[in-house]
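Please treat every number below as a calculation from the coordinates, not as lab data. Only a predicted model underlies this, so the values are computations on that prediction, with no experimental measurement involved. Heads up, the Cβs are rebuilt from the backbone with ideal geometry, glycines too, and the neighbour counts pull from every protein chain shown.
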Amino acid sequence: MKQRLRFFATWSLFLALRLSAAPTDDVYKLGPDSEPHPGVPQGKVTAWAKLPSEAYPGTLHDYCVYVPAQYDPAKPAALMIFQDGQAWLRLTGDYRTPYVFDNLIYRREMPVTIAVFINPGRKPEQPEASASDWGDKSTNRPQEYNALDDKYAHVITDELLPVLAREYNLSKNPDDRAIAGASSGAIAAFTVAWHRPDQFHKVLSTIGSFTNIRGGHVYPDLIRATEKKPIRIFLQDGVNDNRGLRGEGAAATYTADRDWHAQNLKMAAALTEKGYDVNYTWGIGTHSNKQGGAILPDMLRWLWRDYPRTDDARDPSNRTLLVPAETTTIK
């Protein structure tokens, strides 16, 4: 009887969440780190280019590159790659990543970092991803992003990185490399780091689809069963994310492995138990980018919290040291 009552209580919660989901995203607002400011140098974004793929023959990946104003070709820069790049790049969208990078790099809250915005593969005759269509039906996105094999990792590490290395001086240290995505792009980002921790040590996941679309629900068990990898990850999700309900009203059915929030909870638990460097936050949002965009600056600060900085007290731009008063004279 207690189990039945618990089931009905949980079921009622699911239905209530579903009915009240949409307005909850409105509470998340972008802060000052997501807008331009006078005196803060702005990076430049290149034109979109096309990357032919051998991993997925016949497809092209559209990508562009953000180069911070502080980039010095003589010094290796950090790197961060965003899946569904058009959504993270858009300056009127939920993330507005170039503005966030401008502000955090200027204040030395993250390293000088080149960002790459890459869209899912598509055939030449297929339309590009857009604000209203991220490409689930018109591109190779479901196959690339939700599969757990290493084919998409080949796109990033064997096809994209060599092209970038010819144009930019990028650090080869995986501690200086991060990869990010939202929804299916989030599980894609994790899968790249999972297969290639020799290339990426940092992962940013918002509303991650660690669900049974193409078997992604197995990750929590896989994490527990596999030797710990050197991955640092931040997970964001909302309790009103897709909750595995199919159908309407009394006819609705619940499928646990298609419950986005439950699977994010399982990911956080598995990563924590295995001793990963993991952080997470659960908001009240839906399968929306509103919360992820609002807290993007804080997630980036956490991911890059220990990047190497000068320890020279004579450096006037250093804000990491508390120098005793008797030693503050700079000669």
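List of remarks:
- The chain: C-alpha gyration tensor shape, a/c 1.5 cut-off, then a/b vs b/c: prolate
- Think of segment 2-327 as having a plus end and a minus end, set by charges on the Cβ of Lys, Arg, Asp and Glu; of GLY58, PHE200, GLN291, GLN291 sits farthest toward the positive end of this dipole.
- Label point distance in nm, SER130-LEU91, each placed 7 Å from Cα along Cα→Cβ: 2.1 nm
- For GLU128, net neighbour charge (Lys/Arg +1, Asp/Glu -1) across residues whose Cβ lies under 14 Å away: +1
- Principal axis dimensions, segment 57-158 - Cα atoms, whole angstrom, descending: 40, 31, 23
- Restriction of the trypsin sites (Lys or Arg not before Pro) in segment 91-196 to DSSP coil positions whose beta-carbon has at most 10 other beta-carbons within 10 angstrom yields LYS137.
- Segment ARG108-GLU54, extension gain: residue separation times 0.36 nm, minus the distance between their alpha carbons: 15.6 nm
- For segment 205-292, the set of trypsin sites (Lys or Arg not before Pro) satisfying both a DSSP loop assignment and a count of at most 15 other C-beta atoms within 10 Å is given as LYS228.
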